[in-house]
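Peer 1: Structure incoming, see below.
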Amino acid sequence: MQLDAKIPSGPLSEKWDKHRFELKLVNPANKRKYSIIVVGTGLAGGSAAASLAELGYYVKNFCVQDSPRRAHSIAAQGGINAAKNYQNDGDSIWRLFYDTIKGGDFRAREANVYRLAQVSNHIIDHCVAQGIPFAREYGGLLANRSFGGAQVSRTFYARGQTGQQLLLGAYSSLMRQVAAGRITLFPRREMLDLVVINGQARGIVVRNLVTGEIESHAADAVVMCTGGYANVFYLSTNAMASNVSATFRAYKKGAFFANPCYTQIHPTCIPVHGTYQSKLTLMSESLRNDGRVWVPKTPGDKRPPNQIPESERDYYLENKYPSFGNLVPRDVASRNAKAQCDMGKGVGETGFAVYLDFKDAIKRDGKDVIAQKYGNLFQMYEKITASNPYEEPMMIYPASHYVMGGLWVDYNLMSTLPGLFVLGEANFSDHGANRLGASALMQGLADGYFVIPYTIGGYLVGMDHSDVTTDHPAFKDAVQYVNERVKRLLAINGKRTVDDFHRELGHILWEYCGMSRNDEGLLKARTMIQALREEFWQNAMIPGSDKDFNQSLERAGRVADFLEFAELLVIDAFERKESCGGHFNEGYQTEENEAKRDDENFCHVAAWEYKGDDTEPERHIEPLVFENVQLTQRSYK
Ligand SMILES: Cc1cc2nc3c(=O)[nH]c(=O)nc-3n(C[C@H](O)[C@H](O)[C@H](O)COP(=O)(O)OP(=O)(O)OC[C@H]3O[C@@H](n4cnc5c(N)ncnc54)[C@H](O)[C@@H]3O)c2cc1C
């Protein structure tokens, strides 16, 4: 199948305007005749549902939490990028576009990224109008700070709670439409299948997580905003409920899965401290504006940090990358932290940590200024580790955090299945092989507030309008599939907990497909995942019934999907014979141990087509064409 990204013709800066003009419009009076399912209420889903309802469509909005406000987006800390250039430090739409393309190691689509940079400024205006309390300068202008991979300050923030504030904004808009009767909310529902009729996505099947009831919902189009799958690594910074199930079930119904091996390991997280830990905590990248990363120069130096003199510290990021220093992109910072620990210079009890030190910043700016910028993050760190970061350096280590892979979408954000749109972290995104900090919130809100409201109209006007109800046999088949799967899970009656399987899966991926990979390890991982999956279906212990609230059953379903999906992830990693961004194959590195791309053979998106449970998935490619930037070896020196 030929993947057509439907990128509009014309100069880069005019593509989006031209496309919006050319897209067919739905007459305002006709909009209320269309119903749209939006799965997800995070920043992508919340903004999409609110905007579509505001336009006049009837929206059904689903989430697994008890309230849309508890979507994982609420955890976002550090900020959201935009090219406003309020700092007058040389920013522009072009620079944000270029930084994002380069940050993603030249593995993203130019046209999408340019549009993202263009609409970034509208997002800030929109959110300010909603009342988001962004930090401000003394004179009243919105304040900015810097994030990795940029030499300008373009990150808008609300202390370390930017996601929460933005989500409250989207939620307010959403609830306005709930009150107006144009949105019906379905909390506590888990999407377990997608319904495709005559080649078009026409509905979903969900499980009511409180009563256990299986429900069918039909619509004219489905918009999936179900977030990322970083929890496939078991330990991650994501919310416990983040999953791959919704996107993976859509993949099985014909939507291609793009670049599953592009996962992001965030360099600054609180290190793992025990076997029974189920969650990792992010320490926002914003801390690297003022914190300095270092390790002792001598391997095995176990002195407390404050007793190690300046001359015996290695500020390895500042030394190796003088231009970007501590603000190199995440993939680069993570690999360097690992390299230091592999050399025996790691600190803390496990030796898998490096220091993030605020001593110089506090001396320079004063404790109050630092507390004003990062107070809640420092408090969170102290609560978890019982160490005071104002007095001794934080200890940090990379952790699984975000995914750039997801369902393949074209310029209209439509998947390979007509009528199925995918937004936010759930799509394969505009970030290429590595996402720059503060760009996920930008992308989710760009997709929901500013892209889907236009592009879905173009689809609805031309779609096959035959009436579809939940009585259609395709719904009955999907319900039967979901019921059988639930029953199969409950019938296993084994001895090993689902968490234990998940933990082992996470270990396999971290070891063989984490910060670095090699072909031998990837093949081994694949065999190990297959064996673990087989054992899961024979020996998983899932207590309770399907007739009521059963979190063991919920988790089992998600882990079963992770166990299948993980194999696709390592297959994708194995087939990409190069290193780029977050995908670092040891066989492809420069003399300085940086990722070495192969632009001749791998300058493309890999999109996988499901061919059946016992058949290899098929790899399709979308070539990436760069007409406006030159492909270079990424350098942050
Ligand atoms: C700790 C942390 C801090 C971060 N900080 C930043 C930051 O400062 N800046 C930045 O740009 N990015 C940040 N990120 C990344 C960013 O938060 C996420 O990429 C973004 O919020 C994802 O939004 P989303 O709307 O796509 O998905 P989510 O917010 O994950 O929402 C997913 C929605 O889908 C629903 N859902 C999922 N599966 C199903 C299903 N099967 N059935 C029904 N509903 C389902 C959920 O209930 C939820 O409503 C951070 C991430 C983490 C983990």
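The values are calculated or read from the model by the stated rules, or taken from the named source; none is laboratory data. All values reported here derive from a predicted model rather than from experimental measurement. All Cβ positions, even for glycine, are placed from backbone atoms using ideal geometry, and neighbour counts span all protein chains on display. Just the protein is used for accessible areas: all its heavy atoms, side chains included, with ligands, DNA and RNA removed. Shrake-Rupley method; radii C 1.70, N 1.55, O 1.52, S 1.80 Å.
Peer 1: To the nearest 10 degrees, how steep is helix 367-385 against the longest Cα principal axis of the chain, on a 0 to 90 scale?
Peer 2: Long axis of 367-385 versus the principal axis of the chain: about 70 degrees.
Peer 1: Compare the peptides 290-299, 434-443 by average per-residue count of other Cβ atoms within 10 angstrom and give them in order, highest first.
Peer 2: 434-443, 290-299
Peer 1: What part of the accessible area of segment 273-342, given as a whole %, is carbon or sulfur when the probe is 1.4 angstrom?
Peer 2: Numbers: 1470 of 2800 Å².
The value for segment 273-342 is 52 percent carbon and sulfur by accessible area.
Peer 1: Based on DSSP H runs of at least 4 residues, each adding -39500 (n - 2.57), what is the mean residue ellipticity at 222 nm of the chain after dividing by all its residues, to the nearest 500 deg cm²/dmol?
Peer 2: Value at 222 nm, helices only, nearest 500: -11500 deg cm²/dmol.
Peer 1: Here's something else I'd like to know. Computing the accessible area with a 1.4 Å probe over protein heavy atoms, can you report the carbon and sulfur percentage for segment 349-414?
Peer 2: 50 percent
Peer 1: Taking a spot 7 Å from the Cα of W94 along the direction of its beta carbon, which residues of segment 610-637 have an amide N less than 14 Å from it?
Peer 2: Counting only backbone N, you get 628-630.
Peer 1: Evaluate the distance, in nm, between pseudo-label points positioned 7 Å from the Cα of A129 and of Y481 along their respective Cα→Cβ axes.
Peer 2: That separation, rounded to one decimal, is 4.1 nm.
Peer 1: Place the peptides 21-33, 384-396, 186-198, 573-585 in order of packing, highest mean first, counting for every residue the other Cβ atoms within 10 Å and averaging per peptide.
Peer 2: 573-585, 186-198, 384-396, 21-33
Peer 1: With each pseudo-label sitting 7 Å past Cα toward Cβ, what's the T211-L142 distance in nm, one decimal?
Peer 2: Label-label distance for T211 and L142, simple model: 4.3 nm.
Peer 1: Give the angle, between 0 and 90 degrees and rounded to the nearest 10, that separates the Cα long axis of helix 110-130 from the longest principal axis of the Cα atoms of the chain.
Peer 2: That works out to roughly 90 degrees.
Peer 1: Arranged from highest to lowest average of other beta-carbon atoms within 10 Å per residue, in what order do the peptides 234-244, 102-112 appear?
Peer 2: Result, highest mean first: 102-112, 234-244.
Peer 1: Moving on to the next point. Just to confirm the number: angle between the C-alpha axis of helix 519-539 and the first principal axis of the chain, 0 to 90 degrees, nearest 10?
Peer 2: 50 degrees
Peer 1: Can you give the extra length, in nm with one decimal, that the chain gains between E609 and S466 once fully stretched, where that is 0.36 nm per residue apart less the Cα-Cα distance?
Peer 2: 48.8 nm
Peer 1: Please enumerate, by chain and number, the lysines with C-alpha under 24 Å from the C-alpha of K487, excluding those fewer than 8 residues away in the same chain.
Peer 2: Hits, sequence-local ones excluded: K252, K253, K476, K495, K547.
Peer 1: Quick one: if you stick a label point 7 Å off each Cα along the C-beta vector at K637 and M1, how many nm between them?
Peer 2: So the two model labels end up 4.4 nm from each other.
Peer 1: Counting only heavy atoms of the protein chains, get the accessible area per residue of segment 148-276 (1.4 Å probe) and round it to a whole Å² value.
Peer 2: The answer is 27 Å² per residue.
Peer 1: So what is the accessible area of segment 1-141 per residue, in Å², with the probe set to 1.4 Å?
Peer 2: Values: 5960 Å² over 141 residues.
With all protein chains present, segment 1-141 gives 42 Å² per residue.
Peer 1: Here is a further query. May I ask you to give the solvent-accessible area per residue for segment 317-456, in square angstrom, as obtained with a 1.4 angstrom probe?
Peer 2: 30 Å²
Peer 1: Heavy atoms only, probe 1.4 Å: what % of the accessible area of segment 1-128 goes to carbon and sulfur, would you let me know?
Peer 2: Carbon and sulfur together cover 51 percent of it.
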